[in-house]
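K.L.:
Quick one: structure below, then a few questions.
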Amino acid sequence: MPKSAESVNSLPGSVQVSLQMLGEHLRLGRKRRNESLRAWALRMQVSVPTLAAMEKGDPRVSMGVYATALWLVGRDDALRTLADPQSDTQALAQELLVIQNKGRRRSV
């Protein structure tokens with residue numbers, strides 16, 4: 001694995017926990033299919049150490065590896081909605097605040 005980037009070392013705790021949960025879920029998906037680490041890694045075209053790191057939620061593993069694992073368990077469709085703008089409640093709240101502030105300025 002390459003050296004850790006500073007951004008990896010400063011991941012928010014909740015992000016690290018989410019990656020660990022994702023890795024664990026993907027590990028369980030592999031095991032439910034009775035696939036060995038070696039066989040699954042071969043299907044994903046990654047090394048066994050990379051697959052093992054992904055299953056531990058290692059943030060240094062590329063998004064493509066996680067995406068391929070999701071595809072193998074039939075969940076790649078979930079990637080399409082992860083950052084869906086329609087579900088971005090923070091942006092919506094900011095837009096509403098801007099609109100509200102513009103309305104207040106006009107009424108003054």
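K.L.:
Using θ = phi - 60° and the Karplus form 6.51 cos²θ - 1.76 cosθ + 1.60, what ³J(HN,Hα) does each residue of the stretch 28-34 get, whole Hz, x for Gly and Pro?
P.N.:
Per residue, the Karplus-derived 3J(HN,Hα) values read 5, x, 5, 5, 5, 8, 6 Hz.
K.L.:
Next question, about the same structure. At most 15 other Cβ atoms within 10 Å plus a DSSP loop assignment makes a site exposed; report the longest stretch of the chain without any exposed trypsin sites (Lys or Arg not before Pro).
P.N.:
76-108
K.L.:
So what is the diffusion coefficient of the chain in µm² per second by Stokes-Einstein at 37 °C and 0.692 mPa s, using a Kirkwood Rh over Cα pairs?
P.N.:
Numbers: Rh = 16.3 Å.
Translational D for this selection: 201 µm²/s.
K.L.:
Another question about this same structure. Over the stretch 4-108, what relative contact order in percent results from Cα pairs under 8 Å that are six or more residues apart?
P.N.:
26 percent
K.L.:
Using a Förster radius of 30 Å, what is the FRET efficiency between Q100 and D76 based on their Cβ-Cβ separation? Nearest 0.05, please. Intermediate results must be reported in sequence, preceding the final value.
P.N.:
Working: r = 39 Å, r/R0 = 1.30.
For Q100 and D76, the calculated efficiency is 0.15.
K.L.:
Here is a follow-up. Under a 10 Å cutoff between Cα atoms, tell me which one of V48, V61, V17 has the largest fluctuation in the Gaussian network model of the chain.
P.N.:
Among V48, V61, V17, the largest GNM mean-square fluctuation belongs to V17.
K.L.:
Quick one: work out Rg over Rh on the C-alpha atoms of the stretch 51-108, Rh as Kirkwood radius. Don't skip to the answer; put the middle values down first.
P.N.:
Numbers: Rg = 19.6 Å, Rh = 14.6 Å.
Computed over Cα atoms, the ratio is 1.34.
K.L.:
Using a 1.4 angstrom probe, figure out how much accessible area the chain has per residue, in square angstrom, rounded to the nearest whole. Please report the intermediate quantities before stating the final value.
P.N.:
Numbers: 8100 Å² over 108 residues.
Here the residues of the chain average 75 Å² of exposed surface.
The values are calculated or read from the model by the stated rules, or taken from the named source; none is laboratory data. Model, not experiment: these values are computed from the prediction. Heads up, the Cβs are rebuilt from the backbone with ideal geometry, glycines too, and the neighbour counts pull from every protein chain shown. We work out accessible area using only protein heavy atoms, side chains counted, and drop any ligands, DNA or RNA first. Shrake-Rupley method; radii C 1.70, N 1.55, O 1.52, S 1.80 Å.
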